Amino acid sequence: MEGNSFRRSREVETRVLEKVGEVTTAIKSAKHVDQVICALHSLASLLFPLDSSLLSGILDQHYREEVLSIKAPSANERGDWWQEFYQGPGFSTLARILLLDVASDWLACFPLSARKYVYDIFFVNGPAAEVVQTLVPCLQQDGSYGIDVNAVHSNTERLVVLCLIENNGVLQIAGEFGISCQSEDSADDCHRRTLSRVAQLVASIPDKARLRAPTSLSSHSFFKQITIQLLSGAEERDSTLSDKATTFNKFEIDGTLLFTGEIFSRICRRGSSDVLLSEVVPRVLRHVRGFSLSSNDAALSDAFQSNPGSEVWLKLMQATKDPYAVERMSEQLLHQLAIECVSDTEAYWTLWLLFNQIFNHQMSIRSLFVDKFLLWKVFPVCCLRWILQFAIFEFPPDADPLSKDHDIQGFLDTVQRLAAVWSKKEFVQSTPMEQQAYVTAAVGLCLEKMSKEDLDKTKDVMHSILQGVSCRLESPTDLVRKMASCVAFMLSKVIDPTNPLYLDESCTGDTIDWEFGLTTPVKGTLSTSTFTEKDLKETKTSMTSVPKEDPNCKLKDGIDNNVKSRKKISEFKSIDPDEIIDPATLNYESVSDQDDDNASEDSDSSSDSLQPYDLSDDDNDLKIKFSQLVDVAGALRKSDDADGVERALDVVEKLVRASPDELTHVTSDLVRTLVQVRCSDLAVEGEEESAEEKRQRALVALLVTCPFESLDTLNKLLYSPNVDVSQRIMILDVMTEAAQELANSKVMKPKHQTRAIISTISETQPWFLPSSIGPPGAGTWKEVSETGTGTLLNWSNCYERELPSKSGQIKRGKTRRWSLKSENMQEGQVEWSQNKFPLYAAAFMLPAMQGFDKKMHGVDLLGRDFIVLGKLIHMLGICIKCASLHPEASAMAPALLDMLRSREVCHHEEAYVRRAVLFAASCVLVALHPSYIASALTEGNLELSNGLEWVRTWALHIADSDTDKECYMMAMSCLQLHAQMALQTSRALESSPEITIKTKGISLPSNPSKGTIKLPYLNAEY
């Protein structure tokens, strides 16, 4: 019996090959399109149930009779022919002729019905897997065979759309593999290789399609369509298993799901996991919401597993063998659930339905959720809650953890691992801020689920958390310190819920915002670690000027009494210029006026004559008014007299800016005293910042009025072991403010009027004209007639001329003032801006750069005191910028670049220091004049050229490898400044005469790695 069937199969195969050969020969020898149609019809009628009358109307009489005369075979014979044709070499042979020769030469002449019934039918009615393996390679067919490549590609793309999208060809392929391999165990290697090859071909169609291909073959549209096919087919198949709900094996995966998982893996590999999950998530949520989620955990899990509709979701991730695809699908699933704003319960059961099987049986998936998703990835906080609920807590959000026998040891091990990573100093220094906030939220959310007993069971969770809190409280970044305070607050609640620890005002209440404002940043907030002049001006009050009040502003309810008692303009007294005035009375003038106004208000408002007098003002009269800087310094040294220190701080700035004769003699002592005074200990509670501001303004005034004497003392105190970190930071801030004030100083210069040095006694004009003497710019005299006198006779001549406007005179409608003018500027004087800082640049910078790398008692800038190092580098950057385009900047730049290039500085482990280095390097690029750089290059100054080249290479390194986002942005800005500087230098070199280099006999350095400045988008190097 088997021999007869085999013999019969061989006979049918021979007849099929003979028929394919006849059709091929007929097509190649055809002279008319009807001959091609008849040849294809003769084979199609043997394979498909075709109605020949459908073609009779499009053929000539001779060919029509030939088509109608063909006898159709029986159904069994047609089935044998179809099987042998597609499983043997017949289909591949004919398909090559159809896709290349016929498509190139004849298909354009086919009527639509002929193309449908004798051409497309070979691909549409064939097995989809075989058709795909034949069609897809032709999408990239070349023109080596003398064919019309465009026609071949266009026809192949049309067939792909027809077979795979319009006729659900991908679903047919999945069904074919489901029949060929009923289970994962029975699927042999041959079937698996075929399945993988077909999935690869299907997923590669968007990559191989042309740019002018139909939009349905674009990656987004194509992957969306085949995903819908596979998911709809799987859900429809599960709905037919209602009668077999208790018989399916949850560990058995058939060929359909294997092919589906392979397709999904290929889609994820091509970066379209978002397209895939946009179709998966709504279907899974619809299935999850079909159950009563209020049931207990065990009952609901049993309900999911026993429901036939859950089979595809329970086995989908198990059928996806690619670990990378599983990871990408997991990430995208969490993001899609966050976009859908699902509840915590719905998210938990969605994760349970998709990942429960592989999470319990595959260590790689468990490691993905427990390790990678908690320590290496960054998700929204809601996704973090779902990950912890599913993978760590392992019970639904609405379940009682005490009533569930969950793995408490696994939970404690995870907390131990999170706390160990979170506590490391290297994690704070080298991890991006978003990831730090994410891990901090994971630690905090785990602490929310812990009890005091659970904490006692851990080995050293408390020690790790305390270490991490201590490390973060030392950070200069507010956000990092806020993370420490939130975790400390949660730890204190675990230890003693009735006595929580508040380290930050943000930790008020029982709930904490674990997003820390990173997802919705407040517009206008400034980071404490960003080194820009704008931030410095916005975060600190001006130390050189007092804001003026608008005399016309209207007072509103609730305004401070000090503003109400402002002295009116009409009450100012005229002062005799020859009168001798005590400088101290200038400082107390406003205070006494304020007291008088308050007294008058009290007397007016008081209607009771028997009310006792307020004698509190007598204390002010008995207090000493400081008028000498020596007395001020003595009062500041009396730490037991808080009132005296406060009064001394009130007057010291104005006394210093008055520049008395004693200033140069007491500057050093006064500077040292101001640095060492403790404003926080002596000031009234709540006014510490005001006292600190007065001290800093006084130090700035001393630096501006007596720079050398003040800097000599400050530079000694900067590295002195007798000052603390806050005092060092204050010294650097004061030096920064003073440098900016010196750079922006204004001076008054007299306005000189140009007059003729030699004047002539006799004038050349007629005697009867008025004299030409007058202000500069006056016009010539012109005679005018007096028509308004009413007389006909004119006994005198009238002349007039135009005179220039006086200084300050405004002509309405014509004159406009385009600049601001000081109100107290005397007439005849001009306000000039003069940069006084370059004279003192060396005194500001050189002593400060000498001892930064020395580790002494209480001084460790490269290690513990990295904040002081960052402030120092920022101050040096401001100084070099204040000396921009001056010779002093060119002299200071090599020394500053040499300091920045030191490995301990530029590769510092703290991002705070690296940001300061980038800021200072950018200031150097701005400060140097292009002509100086050009002359340095021509003269062979390798020190400067190597330093500038280092700035470029180091900024590139930071932009490529630094984990801090602000460092990356500042590095890109630095590279842009370097490119602009190189462009200006190249222009300066091109404009300089060539003889300059030749006469000096100095050539450019031969080593290309030294002394070069690379210009972007240019092939030249200078």
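The values are calculated or read from the model by the stated rules, or taken from the named source; none is laboratory data. Worth saying up front: this structure is predicted, and the values here are computed from it rather than measured. As a convention, Cβ positions derive from the backbone with ideal geometry for all residues, glycine included, and neighbour counts pool all protein chains shown. For accessibility, only protein heavy atoms count, side chains too; no ligands or nucleic acids. Shrake-Rupley method; radii C 1.70, N 1.55, O 1.52, S 1.80 Å.
Using the Cβ-Cβ distance between residue 74 and residue 398 with R0 = 56 Å, the FRET efficiency computed as 1/(1 + (r/R0)^6) comes to roughly 0.30.
Is the stretch 898-975 rounded, prolate or oblate when judged by the Cα gyration tensor, a ≥ b ≥ c being the square roots of its eigenvalues, rounded requiring a/c under 1.5 and prolate requiring a/b larger than b/c? Cα axes put the stretch 898-975 in the prolate bin. Measuring nothing but alpha carbons in the stretch 1-118 and taking Rh as the Kirkwood radius, the Rg to Rh ratio lands at 0.99.
Rolling a 1.4 Å probe over the heavy atoms of the protein chains gives the stretch 838-889 an accessible area of 39 Å² per residue. In the structure shown, the pairs 482/694; 716/854; 457/493; 625/654; 424/459 are assessed against 20 Å; a Cα-Cα span above that value is assigned to 482/694. Note on residue 299 and residue 167: the extension gain reaches 43.4 nm, defined as 0.36 nm multiplied by sequence separation minus the Cα-Cα distance. The distance between label points at residue 306 and residue 18 comes to 6.3 nm (points 7 Å beyond Cα on the Cα→Cβ vector).
Accessible surface for the stretch 341-437, divided over its residues, is 41 Å² per residue with a 1.4 Å probe.
With a cut-off of 13 Å between beta carbons, the residues surrounding residue 217 carry a summed charge of +2, where Lys and Arg count +1 and Asp and Glu -1. When the solvent-accessible area of the stretch 339-448 is split by element, carbon and sulfur atoms take up 53 percent of it, the probe being 1.4 Å. Projecting the alpha carbon convex hull of the stretch 194-240 along each direction and taking the average yields 3.9 nm².
Taking a ≥ b ≥ c as the square roots of the eigenvalues of the Cα gyration tensor, the stretch 252-292 is classed as oblate, since a/c reaches at least 1.5 and a/b does not exceed b/c.
Let me make sure I get this right: for the stretch 61-131, a, b and c are the square roots of the gyration tensor eigenvalues over alpha carbons, sorted descending. Under 1.5 in a/c it's rounded, otherwise prolate if a/b > b/c, else oblate. Which is it? Oblate.
Between residue 984 and residue 963, how high is the FRET efficiency from 1/(1 + (r/R0)^6) when r is the Cβ-Cβ distance and R₀ = 25 Å? Nearest 0.05.
E between residue 984 and residue 963, to the nearest 0.05, is 0.15.
For the stretch 114-178, the list of chymotrypsin sites (Phe, Trp or Tyr not before Pro) that fall in a loop by DSSP and count at most 14 other C-beta atoms within 10 angstrom reads 145.
Using R₀ = 45 Å, calculate the FRET efficiency as 1/(1 + (r/R₀)^6) where r is the Cβ-Cβ separation of residue 744 and residue 434; round to 0.05.
So the FRET efficiency works out to roughly 0.70.
Report the gain in length on full extension from residue 470 to residue 361: 0.36 nm times residue separation, minus Cα-Cα distance, nm rounded to one decimal. Kindly include the intermediate steps, with their values, before the conclusion.
Working: separation 109, 0.36 × 109 = 39.24 nm, distance 4.00 nm.
Answer, rounded to one decimal: 35.2 nm.
With all protein chains present, how much of the accessible area of the stretch 72-181 (probe radius 1.4 Å) comes from carbon and sulfur, to the nearest whole percent? About 50 percent, which is the carbon plus sulfur part of the accessible surface.
Accessible area per residue for the stretch 69-115, computed on protein heavy atoms with a 1.4 Å probe, is 50 Å².
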